[in-house]
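Below is one structure, written out as structure tokens; comments come after it.
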Amino acid sequence: MLYRVIYAAETLGATGTSLLSLAQILGVSERNNARDEITSRMLIHDGQVLQAAEGRRADLDRLKKRLTADPRLGELRTISERPISARSFTETMGLRRLPQDFAQEVLAGRPLWALTPSEAEQLLGEESEVLSAVA
């Protein structure tokens, strides 16, 4: 059975602020996710990360354990965790960004971890843009 988990966390230090840090995150994540047959999308915005990951329960549990121990992230906050009938993502690690006007409209000053599951899905979906500078 497949599951989807959506979590948010604060980024610590220079995480996500430079092209190099994004490339490092993408490289390791793509390798680990391909190995574990996880598909995902990640969005980094204003010092926070929002990610949805899809895969088998045991693989997602290992992912969450790695992320909880990652010194580049603050407290990992689960927004949604549920079984799914099919994957929504094809990429092992899709990196997205929010257009500033859309971020202001949806977030209204709230942190990413305060989103509802449907708001988080919307931000990770078609309303966000593929970050092609490192893709």
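Every read-out reported here was derived from the displayed coordinates using simple, explicitly stated rules and does not represent laboratory data. Values in this document were obtained by computation on a predicted structure and should not be read as measured data. No Cβ is skipped: glycine too gets one built from the backbone with ideal geometry, and neighbour counts run over all protein chains shown.
For Phe102, Phe89, what ranking results if the residue with the fewest other Cβ atoms within 10 Å of its Cβ goes first?
Ascending number of Cβ neighbours within 10 Å: Phe102, Phe89.
Which one of Ala23, Ala52, Ala108 has the biggest mean-square fluctuation once the chain is modelled by GNM with Cα springs under 10 Å?
Per the Cα network of the chain with a 10 Å cutoff, Ala108 tops the list.
Taking only C-alpha pairs under 8 Å that are 6+ residues apart, what is the relative contact order of the chain in percent?
37 percent
What does the net charge come to around Leu112 if you take all other residues with beta carbon closer than 10 Å to its beta carbon, with K and R at +1 and D and E at -1?
Its environment carries a net charge of -1.
Which of these, Glu30, Glu54, Glu75, has the largest mean-square fluctuation under a Gaussian network model of the chain (Cα springs below 10 Å)?
Among Glu30, Glu54, Glu75, the largest GNM mean-square fluctuation belongs to Glu75.
Please give the net charge around Leu67, taking every other residue with its beta carbon less than 14 angstrom from that of Leu67, where Lys and Arg add +1 and Asp and Glu add -1.
-1
In debye to the nearest 20, how big a dipole does the chain give about its Cα centre with +1 on each Lys and Arg Cβ and -1 on each Asp and Glu Cβ?
560 debye
Please report Rg over Rh for the chain, where both radii come from the alpha carbon positions and Rh follows the Kirkwood definition.
Rg/Rh: 0.92.
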